[in-house]
Amino acid sequence: MQAWFEKISKMFHMAFVEGDRWKLYLDGLGVTLQIAFFAAILGLAIGTVVALMKLSVKRNGKKTVWAHIANIYIDIIRGTPSVLQLLIMWFIIMKNCTNGTLVAVLSFGINSGAYVAEIVRAGILAVDKGQTEAGRSLGLSKAQTMMYIVIPQAIKNVLPPIGNEFIVLLKETAIVGYVSLTDLTRAANQITSRTYEAFMPLIGAAVIYFSIIKVLTVLLEKLERRLRKSDNR
Amino acid sequence: MIIVKDLHKTFEDNRVLRGVNYHIHQGEKIVVVGPSGSGKSTFLRCLNLLEVPTGGEIWFDGQLITDPKTDIDKVRQHMGMVFQNFNLFNNLTIMDNITLAPVKLKLMNKEQACETALSLLERVGLKEKADAYPSQLSGGQKQRIAIVRSLAMNPKVMLFDEPTSALDPEMVGEVLEVMKGLAESGMTMVVVTHEMGFAREVGTKVLFMDEGIIMEENTPAEFFANPKCDRLQEFLSKVL
Ligand SMILES: Nc1ncnc2c1ncn2[C@@H]1O[C@H](COP(=O)(O)OP(=O)(O)O)[C@@H](O)[C@H]1O
Ligand SMILES: [Mg+2]
């Protein structure tokens, strides 16, 4: 028992304390959060625009060119692995860019945008058609009706699934090691190869991801409950 | 005021309107009746182009509104519409429901719009609900607010699509009262309804729609006393 405990504490020391290695996790976590945060914002912006594009119709009810472009974008993003998208962004599209974080943010933002677009589109479609008709019948334009009536109601519909999408995004950033960025996952991996001891660094990184996502999930559930309450006002 | 010429509307292969012709004059109260599915709503919704006709012409105040070049948003500012399901904006207070369009369309400033809203709300006895949300109101109250919301735009004509059909029976009266008051004030109205009492009392003309056309048209007295076509006789025998 005593021997076992000693072994564990030695492993812990090696994984986190020796040579101030905890700082490497912290730096890695910083990279992870930075990429996830800015990619989430970019994804939200792209997703909203693409959702509106996809919903646009001509006077005769047919899809616009914008809607077709939006469809192609969503198809391509959903039909290819995100690792591959990241590699293409890094080695081909932005091969002259030396800022790896920027490349990762763009790649993940563009990726997330496709999923957010589908969420936003569903959220807008879930708003009763009568709301739009009432707005239009008063003489408000399509854009005004969207802006003042439909989107405020759609936001309630989309917040929970958007939150989920961001959690997925946060975990997905673990692939940035492929373009030699040192995020939390890669930091843990590097320490493993230095100490020849995998257990502590990998489980440690897993615990960090898990804790952050747990906190996000709890916050999201709170928000959801609050939104549901204000529905019955 | 509104001239409808050979109006056609087809959904997929369902020919709902098959040549509707009608002339609505200023100040008239046209009541439209007919069996369910006969195209009454579609006809009404074509008048403000919520449905785009597949054929024919609609003229409003001398303007051909079915012309694709017409700015339909401008036209709709002068045509109020009241829906069966009220369609109050769920995210806005009653006051904001009423003032949103006049303010955003720059027809009034915020204060003027609020003043107008309050005096209209007073007229329908709902002034104290200005800060409530739609979900806090009864059906009858919602529909009275929906009427007020349209009136705040100071429309030339008001379209009603079965405004009392979604209401509990005890609330029908309060909405019909507001509509009667509106009729007395001289508003031009087109009303789709199953309330035959209202048709008789308020209508200047009653139209019977069936099979996608206006099958019969008459003054209320004649319409109910001497129905000519068989379909109308059959219809009236069921609803009266
Ligand atoms: N948006 C639509 N798409 C397809 N069919 C429709 C649509 N709106 C109405 N219809 C069809 O048109 C017919 C007439 O409907 P409607 O005008 O609502 O009749 P009413 O109001 O007299 O009951 C019905 O058969 C209905 O199914
Ligand atoms: Mg109808």
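Worth pointing out:
- Membrane-span-like helices of chain B, defined as complete DSSP H segments with a Cα extent of 15 Å or more along the helix axis and a mean Kyte hydropathy of at least 0.5, are identified as B:94-104.
- The Rg/Rh ratio of the range A:63-104, with Rg taken over Cα atoms and Rh as the Kirkwood radius over Cα pairs, comes to 1.12.
- Convex hull (Cα only) mean projected area of the range B:75-129, reported in nm² to one decimal: 4.3
- Sequentially through the range B:159-165, phi angles give Karplus couplings (6.51, -1.76, 1.60; θ = phi - 60°) of 9, 10, 10, 6, x, 10, 6 Hz, Gly and Pro residues having no value and appearing as x.
- Residue-averaged [θ]222 nm for the protein assembly as shown, counting only DSSP H segments that reach four residues, each worth -39500 (n - 2.57): -18000 deg cm²/dmol
- In chain A, inverting the average of 1/r over every pair of distinct C-alpha atoms gives 20.3 Å as the Kirkwood radius.
- All-pairs alpha carbon distance profile, the range A:1-93, 10 Å steps from 0, percent: 13, 23, 22, 16, 12, 8, 4, 1
- Solvent-accessible area of A:R136 with every protein chain in place, 1.4 Å probe, in Å² to the nearest 10: 40
- Rounded to the nearest 0.05, the FRET efficiency derived from the C-beta distance between B:K69 and B:N226 at R0 = 51 Å is 0.70.
- Protection proxy ranking for B:79-90, B:202-213, using the average of other Cβ atoms within 10 Å per residue and placing the highest first: B:79-90, B:202-213.
- The heavy atoms of A:T185 offer some 50 square angstrom of accessible surface to a 1.4 angstrom probe.
- Direction-averaged projected area, Cα convex hull, the range B:150-232: 6.3 nm², rounded to one decimal.
- The range B:83-117-the range A:62-136 distance, computed between alpha-carbon centres (Å): 35
- Every Cα-Cα pair in the protein assembly as shown was counted, and those over 30 Å apart are 59% of them.
- Computed with a 1.4 Å probe on the full set of protein chains, the accessible area for A:K62 sits at about 130 Å².
- Counting only other chain Cβ atoms within 10 Å of each residue's Cβ, the peptide B:95-106 averages 3.
- Hz values of 3J(HN,Hα) by residue in the range A:114-128 - Karplus curve (6.51, -1.76, 1.60), Gly and Pro given as x: 5, 6, 4, 4, 5, 5, 5, 4, 4, x, 6, 5, 6, 6, 3
- Remark: mean inter-chain Cβ contacts per residue of A:138-148 equal 6, using a 10 Å Cβ-Cβ cutoff to other protein chain atoms.
- Counting only other chain Cβ atoms within 10 Å of each residue's Cβ, the peptide A:208-216 averages 0.
- Under the simplified labelling scheme, the A:Y196-B:S237 pair shows an inter-label distance of 10.2 nm, with each label point 7 Å from Cα along Cα→Cβ.
- Filtered trypsin sites (Lys or Arg not before Pro), the range B:52-147: DSSP coil and at most 15 other beta carbons within 10 Å: B:K69, B:K106
- Cut-off 14 Å between beta-carbons: net charge of the residues surrounding A:V50, Lys and Arg +1, Asp and Glu -1: +1
- Per-residue 3J(HN,Hα) values for the range A:137-151, derived from phi via the Karplus relation 6.51 cos²θ - 1.76 cosθ + 1.60 with θ = phi - 60°, read 5, 7, x, 5, 6, 3, 5, 5, 4, 4, 5, 9, 10, 6, 4 Hz in sequence order (x marks Gly and Pro).
- Here r is the Cβ-Cβ distance between B:I3 and A:K63 and R0 is 35 Å; the resulting FRET efficiency, rounded to 0.05, is 0.55.
The values are calculated or read from the model by the stated rules, or taken from the named source; none is laboratory data. Fair warning: this is a prediction, and the values are worked out from it, not measured in the lab. In this analysis, Cβ positions are derived from the backbone assuming ideal geometry, glycine residues included, and neighbour counts consider all displayed protein chains. Just the protein is used for accessible areas: all its heavy atoms, side chains included, with ligands, DNA and RNA removed. Shrake-Rupley method; radii C 1.70, N 1.55, O 1.52, S 1.80 Å.
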